[in-house]
Amino acid sequence: MGEKSSTDMIHGNLDLLVLSALADERKYGYLIQQSLAAASAGMVHVQAGTLYPLLHRLEAEKLVRSSWDHSTGRKRKWYELTPAGRKRLTHQADQWQQYAECMSRMLRGALGSALSPAGGTL
């Protein structure tokens with residue numbers, strides 16, 4: 001996949017990806033970045049200059065809440081989902097799952113014909 005296409009797809013789903021990274025536990029920014037990179041096998045690299053404005057917007061929309069904590073020896077701002085954020089995550093994840101299933105159905109024929117000896121190439 002071309003780099004631009006991959007980047008566009010990722011940026012179009014950043015809200016969902018960040019909400020998903022916070023689904024199980026609260027995290028500070030660097031942990032969110034690491035979670036996204038690990039879960040995506042390195043495909044998702046969100047820069048701090050993109051992540052923090054996104055987190056601030058999600059907080060303004062009351063989808064996440066933040067709190068300062070320095071119990072780890074360093075003052076960090078931790079983010080966690082609100083009930084509204086969890087509801088949004090569930091709704092967007094369901095929509096994305098339906099979209100992915102649709103794309104899989106649509107591409108199955110195209111990929112099958114591209115791989116068969118009698119079929120043309122894409």
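Only the coordinates and a few stated rules stand behind these numbers; no lab work does. Every value quoted in this text rests on a predicted model; they were computed, and no experiment measured them. All Cβ positions, even for glycine, are placed from backbone atoms using ideal geometry, and neighbour counts span all protein chains on display.
For the range 33-104, applying the loop criterion from DSSP together with a ceiling of 10 other beta carbons within 10 Å to the trypsin sites (Lys or Arg not before Pro) yields Arg74, Lys75. The slack in the chain from His70 to Gln98, taken as 0.36 nm per residue of separation less the alpha-carbon distance, amounts to 6.0 nm.
Histogrammed with a bin width of 5 Å, the alpha carbon distances of the range 3-115 distribute as 2, 11, 18, 21, 19, 12, 7, 5, 3, 2, 1, 0 percent, first bin at zero. In percent, rounded to a whole number, the relative contact order of the range 23-122 is 22, using alpha-carbon pairs under 8 Å and six or more apart.
Nearest 10 degrees, 0 to 90: what angle lies between the long axis of helix 83-115 and the longest principal axis of the chain (Cα atoms)? Rounded to the nearest ten degrees, it is 20. Stretching Asp8 away from Tyr52 to a fully extended chain increases their span by 14.0 nm, per 0.36 nm per residue minus the current alpha-carbon distance.
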